Structures are given as structure tokens and as C-alpha cells.
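The values are calculated or read from the model by the stated rules, or taken from the named source; none is laboratory data. Computed from a prediction, not measured in an experiment: that's the story for all the values here. So basically every Cβ, Gly included, is an ideal-geometry build from the backbone, and we count neighbours across all protein chains shown.
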Amino acid sequence: LGKGRDRSHRDEDQAATARLGRLSDALRSGRQERQLREYYQTLYATWGPQHWWPARTRSEVIVGAYLTQNTSWNNVEAALRRLRQARALSVAAIRAIPTARLESLIRPAGYFRQKAARLKIFVRFVDRRYTGSLSRMFAQPTGKLRAELLELNGVGPETADSILLYAGQQEVFVVDAYTRRILDRHGILPANADYEEIRALFERALSVLATTQEASRPTPGRNPPMLSSAHQPSPMSMVERSSLAQIYNDMHGLMVAVGKRYCLKSKAQCESCPLQKFLP
Ligand code: SF4
């Protein structure tokens with residue numbers, strides 16, 4: 001009888017410890033979500049919209065999302081200019097263009113052979129599964145399409161989510177190296193945290209704002225400073241999207257702005273950064 005009672009006390013202790021662990025995880029997660037909402041409010045009020053993604057069409061966003069891997073945006077812009085001049089910025093044009101010609105046009109973006117092959121694979125995917133129609137492709141549920149994109153050669157989570165959010169206006173937050181660095185330096189999550197964990201944290205935090213957007217979306221200053229990392233308004237940045245997709249769009253652009261301007265890899269310039277007040 002004594003042994004049985006001991007075991008039952010041990011089980012109760014373990015259950016209580018597990019409950020406490022879950023409670024403390026929930027509290028930490030709630031605190032992190034609140035922090036991210038405050039980051040968004042502060043940055044948006046300071047700088048306003050960043051007008052991502054700078055492009056005229058969905059195809060241009062998709063091509064840009066592939067080209068931007070492992071290179072600077074300036075190089076991507078040079079490659080996009082050449083593609084535009086050659087009228088090779090559509091699914092139909094990429095389908096028709098010889099691979100060698102595509103490689104030569106995107107050369108400024110680096111890894112041009114690999115990237116040309118990947119663009120051809122993407123077009124084959126759209127052709128086979130969606131009869132060549134981006135509209136049909138983006139009409140799919142986000143989770144299904146995301147899984148399909150992640151199956152493609154050269155498409156990791158950041159590229160897939162950029163395509164979904166910026167070309168498809170679907171409600172997915174894009175995680176990049178700037179975001180990781182900021183979270184790490186603020187003690188929220190380590191830089192090597194799992195992509196999905198970071199994405200889920202931002203999506204939980206920001207989705208609350210979409211339901212009360214009018215009340216929660218801050219008004220940028222009358223003339224928020226035009227940052228070098230901000231883009232000019234473009235047809236794709238101004239396209240109609242849900243409140244939540246707009247918040248994900250703005251937040252990603254704002255994190256990039258912090259990363260490019262203040263939270264440099266070599267040195268964090270916290271003195272003048274709008275997020276300084278949130279440092280632990
Ligand atoms: S530069 Fe800004 S974002 Fe980076 S650690 Fe300093 S305050 Fe935080």
C-alpha cells in the first residue's frame with residue numbers, strides 16, 4: 001500500500017511539474033508575441049510602409065525571389081532589367097527562352113546556371129500542375145501550395161514564403177537573416193532557431209493585429225524618412241491584399257530596414273536604432 005501511495009505521489013508531482021512547464025512556456029511565448037507587436041507598432045510609426053516587393057507583375061516577384069538567393073538586391077535588379085529588356089519576365093517567356101540565353105540574361109545575379117535551371121523547373125511545375133496559370137496556382141490553399149513549392153529544387157522556406165506572400169498575397173510571414181539576427185540580439189530566439197518556430201511566433205503575434213487593425217495599426221509620422229532600404233511604390237507593392245498579408249508584408253520590410261541600417265552583422269548600432277528601447 002505504501003509503495004502504491006509513493007508511486008501515486010510521484011505521478012502527481014510529475015504532472016504538476018509538466019503543468020508548470022507548460023504554463024511557463026505559454027507565459028514566455030505570450031511575452032515574446034507582445035514584444036513583436038510592439039516592434040511592429042514602433043517601426044511602422046517611425047518609417048511607415050516599405051513597399052515590398054518592388055515589381056510590376058507576379059512573375060517578376062517569383063523570378064526575383066529565385067535570383068535574390070546568395071546575392072545582393074542590386075545584382076538582382078541588374079538581372080531583372082536585362083530580362084525586362086529581353087521581354088523574358090513571364091512564365092510564357094521563361095518557358096520559351098533557350099536555357100543558354102536565360103543564363104546569359106541573369107548572369108549579374110550570380111549562380112546563373114543553377115538559377116536558370118531552377119526557373120525552368122518552376123515553369124515546368126506550373127505547366128504540369130496548373131496548366132501554366134499562376135492564377136490557378138495561387139488559388140490553392142496556402143498550406144498545400146507551400147508544400148508543393150518546397151518540393152521544388154532550389155526552393156527553401158524563405159523563397160517559398162516570399163513567393164506566397166509577395167506574389168500570391170497569401171498570409172505567410174517571411175523569415176530572413178535580418179530577422180534572425182534581431183531576435184537573437186534581443187534574446188527572443190537564437191539565430192539558429194528553427195525557421196518554422198520563428199515563422200509561427202511572428203504569425204501568432206501579428207495575427208492579433210489584423211483583427212483590430214484600425215485600432216492597432218499606427219499612423220506613420222507625417223513625412224516618415226524615406227529609407228535607402230525602402231522601395232518606391234510599385235504595382236505589386238500596392239496590390240490589394242488582406243489586412244494580415246499587409247501586416248506581414250510591412251513587418252518583413254521593416255525588419256529588413258532595421259537589419260540594413262542599424263543591426264549590421266559586423267556591429268549593432270543600437271544608439272540610434274528605433275528598437276533600442278526593447279533591448280534586454
Ligand atoms: S541595432 Fe537595433 S535591432 Fe540591433 S540589437 Fe541594436 S537595438 Fe536591437
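Conditions (1) at pLDDT below 95; (2) out of contact with any Asp or Glu (no Cβ under 9 Å at 6 or more places or on another chain), marked per residue:
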site	(1), (2)
ALA147	no, yes
PRO157	no, no
VAL174	no, no
LEU183	no, yes
ARG199	no, no
VAL208	yes, no
PRO218	yes, yes
LEU227	yes, yes
MET236	yes, no
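Go through the residues of region 11-33 one by one and say whether even a single one is in contact with a helix residue (DSSP H, G or I) (Cβ under 8 Å, 6 or more places away or on another chain) and modelled with pLDDT under 95.
Of the residues in region 11-33, the ones in contact with a helix residue (DSSP H, G or I) (Cβ under 8 Å, 6 or more places away or on another chain) are 29, 32-33.
Restricting the remaining residues to those that are modelled with pLDDT under 95 gives 29, 32.
Yes, that holds for at least one residue.
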The number of residues in region 85-127 that are part of a helix (DSSP H, G or I), surrounded by fewer than 17 Cβ atoms within 10 Å (Cβ to Cβ), aliphatic (A, V, I, L, M) and over 23 Å from the mean Cα position of the chain (by Cα) is 5
Does VAL256 meet the test of being among the β-branched types (Val, Ile, Thr), farther than 17 Å from ALA45 by Cα and more than 9 Å from the ligand (Cβ to nearest atom)? no
Counted residues in region 21-63 being touching a residue at least 60 places away in the same chain (Cβ under 8 Å) and either in a helix (DSSP H, G or I) or over 30 Å from LEU150 (Cβ atoms) (or both) come to 23
Inside region 128-167, the number of residues satisfying the requirement of being part of a loop (DSSP other than H, G, I, E, B), at negative phi and either among the small types (Gly, Ala, Ser) or in contact with a His (Cβ under 7 Å, 6 or more places away or on another chain) (or both) is 3
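Which residues, counting only those in region 259-275, are under 25 Å from HIS231 (Cβ atoms) and within 10 Å of the ligand (Cβ to nearest atom)?
Let us first name the residues in region 259-275 that are under 25 Å from HIS231 (Cβ atoms), namely 259-266, 268-269, 272-275.
Hits for region 259-275 are GLY259, ARG261, TYR262, CYS263, LEU264, ALA268, GLN269, SER272, CYS273, PRO274, LEU275.
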Residue pairs qualifying under the 9 Å Cβ cut-off, at least six apart or on distinct chains, with the first in region 174-203 being more than 12 Å from the ligand (Cβ to nearest atom) and assigned to a helix (DSSP H, G or I) and the second being modelled with pLDDT of 95 or more and of a type in the set (S, T, N, Q), are ILE198/THR179; PHE202/THR179
